[in-house]
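Below you will find the structure I want to go over with you.
The values are calculated or read from the model by the stated rules, or taken from the named source; none is laboratory data. Not measured: the values here are computed from a predicted model. Here Cβ is always computed from backbone atoms with ideal geometry, including for glycine, and neighbour counts include all displayed protein chains. To get the accessible areas, we keep the full protein, side chains included, count just its heavy atoms, and leave off ligands, DNA and RNA. Shrake-Rupley method; radii C 1.70, N 1.55, O 1.52, S 1.80 Å.
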Amino acid sequence: MIDKQSPIPIYHQLEEYIKQLIESGILKPDEAIPSEREYSEQYQISRMTVRQALNNLVNDGYLYRQKGRGTFVNKQKVEQKLQGLTSFTEDMKERGLVPSSRLISFEIIPAEPQLARKLDIKENTPVYEIKRVRMADNLPMALETTCLPANLVKGLTEEIINKSLYQHIEEKLSLTISEATQQIEASIAKETEVNHLQVESGSPVLLIVRTSFLEDGTPFELVKSAYRADRYKFVHTMQRATK
């Protein structure tokens, strides 16, 4: 596995090898990996070289350390491509994960001025407000607040929102979902996010604000989410602009 004649640095070879074991599922989440001494003796390389490889994998989120116990495989991040408009439920199922939600609150509120502008409705128009923790394989992924005009997206119940909101909109209400605008920024978890996402104070989160539109351009949804940065990443493919 380690080719000492290769121009590729030895620490990088070891790093890539461990990464392959993790990504292929041979090394499981929360499984302990060999110690620096064991890697050093097995491949006849210095412990400093091993330490550099493991440090890089910790920094990249593949491994985590527990003082006095050792180094373990981290849970891998869910990857979402920034092409196409899909629901959280659809995203998780596509990746072979089991989506679920823990409902925090579900109520009808009057639209305050800023929300009314975002949804292109009059102030005080009734709006469904749904607050929930979105989970994959029972692990908290995001704290989400969704607002939908009650006069447009009709008949919502807890049963519906615990399944698939988009499925209800498209199949039951016969509305065609078309596109969305989305903003993403990095932040530090607030107290509410710390509690619901089960992260430590000061942990990084990805804040996402999305406004979704129907085929005729009508906004039907405003979603504000805080995603765990250690379990979620966004990937965007870009093409060079033509001159």
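Determine which member of the set Lys190, Lys172, Lys154 is over 24 Å from Thr125 (Cβ atoms) and assigned by TED's automatic domain parsing to the domain that holds Arg95.
Values: Lys172 fails: over 24 Å from Thr125 (Cβ atoms); Lys154 fails: over 24 Å from Thr125 (Cβ atoms).
Selected residue: Lys190, the only one of Lys190, Lys172, Lys154 that is over 24 Å from Thr125 (Cβ atoms) and assigned by TED's automatic domain parsing to the domain that holds Arg95.
On to the next question. Would you tally the residues in the stretch 15-37 being out of contact with any Phe, Trp or Tyr (no Cβ under 7 Å at 6 or more places or on another chain) and either exposed (fewer than 12 other Cβ atoms within 10 Å of the Cβ) or over 21 Å from Arg69 (Cβ atoms) (or both)?
Qualifying residue count, the stretch 15-37: 10.
Out of the residues in the stretch 169-189 that are part of a helix (DSSP H, G or I) and not hydrophobic (A, V, I, L, M, F, W, C), which is most open to solvent (accessible area, probe 1.4 Å)?
Initial filter on the stretch 169-189 (part of a helix (DSSP H, G or I)): 169-172.
Retained after the next criterion (residues that are not hydrophobic (A, V, I, L, M, F, W, C)): 170-172.
Numbers: Glu170: 83, Glu171: 124, Lys172: 154 Å².
Applying the filter and picking the extreme gives Lys172.
One line per residue, one yes/no per condition, for (1) of a type in the set (Ser, Thr, Tyr); (2) within 23 Å of Leu207 (Cα to Cα); (3) modelled with pLDDT of 95 or more; (4) open to solvent by 80 Å² or more (accessible area, probe 1.4 Å):
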{"position": "Arg102", "(1), (2), (3), (4)": "no, yes, no, yes"}
{"position": "Ser105", "(1), (2), (3), (4)": "yes, yes, yes, no"}
{"position": "Ile108", "(1), (2), (3), (4)": "no, no, yes, yes"}
{"position": "Val127", "(1), (2), (3), (4)": "no, yes, yes, no"}
{"position": "Asp137", "(1), (2), (3), (4)": "no, yes, no, no"}
{"position": "Met141", "(1), (2), (3), (4)": "no, yes, no, no"}
{"position": "Gln167", "(1), (2), (3), (4)": "no, no, no, yes"}
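Here's a check for you: in the stretch 38-51, which residue that is under 35 Å from the mean Cα position of the chain (by Cα) and open to solvent by 40 Å² or more (accessible area, probe 1.4 Å) is farthest from Gln13 (Cα to Cα)? Break it down into steps so the answer makes sense when it comes.
Start the filter on the stretch 38-51 by keeping residues that are under 35 Å from the mean Cα position of the chain (by Cα), which leaves 38-39, 47-51.
With the extra rule that they be open to solvent by 40 Å² or more (accessible area, probe 1.4 Å), the set shrinks to 38, 47-48, 51.
Values: Glu38: 16, Arg47: 14, Met48: 14, Arg51: 13 Å.
Residue satisfying both the conditions and the ranking: Glu38.
Using beta carbons and a limit of 9 Å, which pairs, at least six apart or on different chains, have the first residue in the stretch 26-40 and closer than 11 Å to Val73 by Cα and modelled with pLDDT under 95 and the second one of a type outside the set (S, T, N, Q) and open to solvent by 70 Å² or more (accessible area, probe 1.4 Å)?
Every condition considered, the pairs that remain are Ala32/Arg69.
Let me ask something else. Please give the number of the condition Gln198 fails out of (1) open to solvent by less than 40 Å² (accessible area, probe 1.4 Å); (2) out of contact with any Gly (no Cβ under 9 Å at 6 or more places or on another chain); (3) over 28 Å from Thr125 (Cα atoms).
(1)
Another question, if that's okay. Given (1) acidic (Asp, Glu); (2) closer than 22 Å to Val98 by Cα; (3) open to solvent by 50 Å² or more (accessible area, probe 1.4 Å), where does Asp216 come up short, assuming only one miss?
Single failed check for Asp216: (2).
Note down all Cβ pairs under 9 Å where the first residue falls in the stretch 174-185 and is under 24 Å from Gly155 (Cβ atoms), the second is acidic (Asp, Glu) and open to solvent by less than 60 Å² (accessible area, probe 1.4 Å), and they're at least six residues apart or on different chains.
Ile177/Glu221; Ala180/Glu221
Would you call Lys163 part of a loop (DSSP other than H, G, I, E, B), open to solvent by 50 Å² or more (accessible area, probe 1.4 Å) and in contact with a Ser or Thr (Cβ under 8 Å, 6 or more places away or on another chain)? I'd like the intermediate steps shown before the answer.
Numbers: part of a loop (DSSP other than H, G, I, E, B): yes; open to solvent by 50 Å² or more (accessible area, probe 1.4 Å): yes; in contact with a Ser or Thr (Cβ under 8 Å, 6 or more places away or on another chain): yes.
It is true that Lys163 is part of a loop (DSSP other than H, G, I, E, B), open to solvent by 50 Å² or more (accessible area, probe 1.4 Å) and in contact with a Ser or Thr (Cβ under 8 Å, 6 or more places away or on another chain).
Of (1) at pLDDT below 90; (2) assigned by TED's automatic domain parsing to the domain that holds Thr146, Val235 satisfies all except one. Which?
(2)
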